[in-house]
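Q: One structure is given below, represented as structure tokens, and several questions about it will come after.
The values are calculated or read from the model by the stated rules, or taken from the named source; none is laboratory data. Being a predicted model, the structure only gives us computed values, none of them experimental. In this analysis, Cβ positions are derived from the backbone assuming ideal geometry, glycine residues included, and neighbour counts consider all displayed protein chains. In case anyone asks, the SASA skips ligands and DNA or RNA and just uses the protein heavy atoms, side chains included. Shrake-Rupley method; radii C 1.70, N 1.55, O 1.52, S 1.80 Å.
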Number of protein chains: 2
Amino acid sequence: MSLDAVARKFVELCSQGKNFDVMETMYAPDIVSVEGNGEETVGKGPVIDKSTRWVEVNTFHGETVRGPFFCGGTETDGQFAVYFTLDITRKATGQRLTLDEVALYTVKNDKITREQFFYDGDH
Amino acid sequence: MSLDAVARKFVELCSQGKNFDVMETMYAPDIVSVEGNGEETVGKGPVIDKSTRWVEVNTFHGETVRGPFFCGGTETDGQFAVYFTLDITRKATGQRLTLDEVALYTVKNDKITREQFFYDGDH
């Protein structure tokens with residue numbers, strides 16, 4: 001599968017709310033996930049656990065996914081970026097929020113090997 | 001100046017349409033600019049010339065700048081991302097378009113040393 005095809009499949013599945021399917025099927029076993037504060041999580045299992053913990057403390061109403069966007073790369077490997085707008089409620093406070101973030105994905109051999117989340121403030 | 005301050009000044013100036021002021025004052029002499037197709041332009045002068053050529057063939061009606069967004073980095077050095085929505089008309093065809101792109105900036109010693117534009121299709 002090409003970088004382009006991986007990126008478009010990623011956006012299609014996320015747009016359908018299938019974010020956990022994406023992680024299960026498209027993430028490399030040794031994926032590195034980097035949060036806005038620079039904290040890294042290594043490995044598909046720990047990365048999925050991180051998302052599970054996030055879902056436990058936030059009610060997810062929906063998301064808008066813009067992209068994919070490309071900058072160079074080869075036919076098969078490289079990076080793509082996506083712009084997420086998340087509509088959530090913090091379960092602890094009941095506060096409803098819109099969260100914007102840029103996500104940057106690195107693809108090698110049809111798998112996502114690195115994800116970096118760029119945002120401002122607490123997500 | 002901190003990475004945070006550089007990024008916020010960048011967004012403030014771009015939001016005022018002062019993109020060329022940004023390039024003149026915030027870009028390192030040896031900045032590398034990477035377009036969506038992977039093509040690199042090296043040096044502040046050539047990068048400004050590239051933008052000048054773009055402005056010559058597009059009528060610029062306005063832009064929305066979302067961000068800055070952060071992912072790690074130190075107090076002074078690191079990266080920030082911005083999401084641009086450009087409202088333009090191609091002078092050659094008269095076609096009015098909305099262009100979306102993610103821009104990723106690398107900051108070292110208070111200057112922007114690298115910019116990468118992620119988009120889909122022709123910009």
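Q: Expressed as a whole percentage, what fraction of the accessible surface of the protein assembly as shown belongs to carbon and sulfur atoms when a 1.4 Å probe is rolled over the protein heavy atoms?
A: 49 percent
Q: In terms of the Cα gyration tensor, with a ≥ b ≥ c the square roots of its eigenvalues, is chain A rounded because a/c is under 1.5, prolate because a/b exceeds b/c, or oblate?
A: Cα axes put chain A in the prolate bin.
Q: Given contacts defined as C-alpha pairs under 8 Å and at least six residues apart, what's the relative contact order of the stretch B:32-123, whole-number percent?
A: 27 percent
Q: Just report the Cα centroid separation between the stretch B:37-100 and the stretch A:1-64, whole Å.
A: 28 Å
Q: Here is a further query. If you add up the charges near residue B:74, with Lys and Arg at +1 and Asp and Glu at -1, over every other residue whose beta carbon is less than 13 angstrom from its beta carbon, what do you get?
A: Value of the local net charge: -3.
Q: Which whole-Hz couplings ³J(HN,Hα) result when phi for each residue of the stretch A:84-93 is put into the Karplus expression 6.51 cos²θ - 1.76 cosθ + 1.60, θ = phi - 60°, listed in order with x for Gly and Pro?
A: Once rounded to whole Hz, the list reads 9, 10, 9, 10, 9, 10, 5, 5, 5, 10.
Q: Report the GluC sites (Glu not before Pro) located in the stretch B:1-107 that are in a DSSP loop and have at most 13 other Cβ atoms inside 10 Å of their Cβ, or state none.
A: B:39, B:75
Q: Shifting gears a bit: Remind me, relative contact order of the stretch B:1-64 in percent, using alpha carbon pairs under 8 angstrom and six or more residues apart?
A: 26 percent
Q: Place the label 7 angstrom along Cα→C-beta at residue B:17 and in each other copy, then list the distances from the first to the rest in nm, shortest first.
A: 4.3
Q: Rounded, prolate or oblate: which one fits the stretch B:45-101, using the alpha carbon gyration tensor with axes a ≥ b ≥ c (rounded when a/c is under 1.5, else prolate when a/b beats b/c, else oblate)?
A: oblate
Q: Run through every distinct alpha carbon pair of the protein assembly as shown and return the Kirkwood hydrodynamic radius in angstroms, one decimal place.
A: Roughly 18.9 Å, rounded to one decimal.
Q: Using Cα atoms only, what is the angle between the long axis of helix A:44-57 and the major principal axis of chain A, expressed in degrees (0 to 90) to the nearest 10?
A: 30 degrees
Q: What are the label-to-label distances in nm, one decimal and shortest first, from residue A:55 to the same spot in the other copies, with labels 7 Å along Cα to Cβ?
A: 4.8
Q: Here is a follow-up. Give, ordered by residue number, each residue of the stretch A:82-123 whose 1.4 Å probe accessible area is reduced by a minimum of 50 Å² on adding the remaining protein chains to the chain alone.
A: Relative to the lone chain, where solvent access is computed with a 1.4 Å probe, the stretch A:82-123 loses at least 50 Å² at A:83, A:102, A:118, A:120.
Q: Tell me the per residue accessible area of the protein assembly as shown using a 1.4 Å probe; a whole number in Å² is fine.
A: Heavy-atom SASA per residue in the protein assembly as shown reads 48 Å².
Q: How much accessible area is lost when chains B and A come together, counting both sides, with a 1.4 Å probe, in Å² rounded to the nearest 100?
A: 1800 Å²
Q: Assume the label is 7 Å from Cα along Cα to beta carbon: what separations in nm does residue A:96 have to the matching positions in the other copies?
A: In ascending order, 3.2 nm.
Q: Would you list, by chain and number, the aspartates and glutamates whose Cα falls below 12 Å from the Cα of residue B:18, excluding same-chain residues fewer than 8 positions away?
A: B:63
Q: With n ≥ 4 as the cut-off for DSSP H runs, can you work out [θ] at 222 nm for the protein assembly as shown, using -39500 (n - 2.57) per run divided by the number of residues, rounded to the nearest 500?
A: Dividing the helical sum by the residues of the protein assembly as shown leaves -9000 deg cm²/dmol.
Q: Given charges of +1 on the Cβ of Lys and Arg and -1 on the Cβ of Asp and Glu, with all other atoms neutral, how large is the dipole of the stretch A:1-92 about its Cα centre, in debye to the nearest 20?
A: 300 debye
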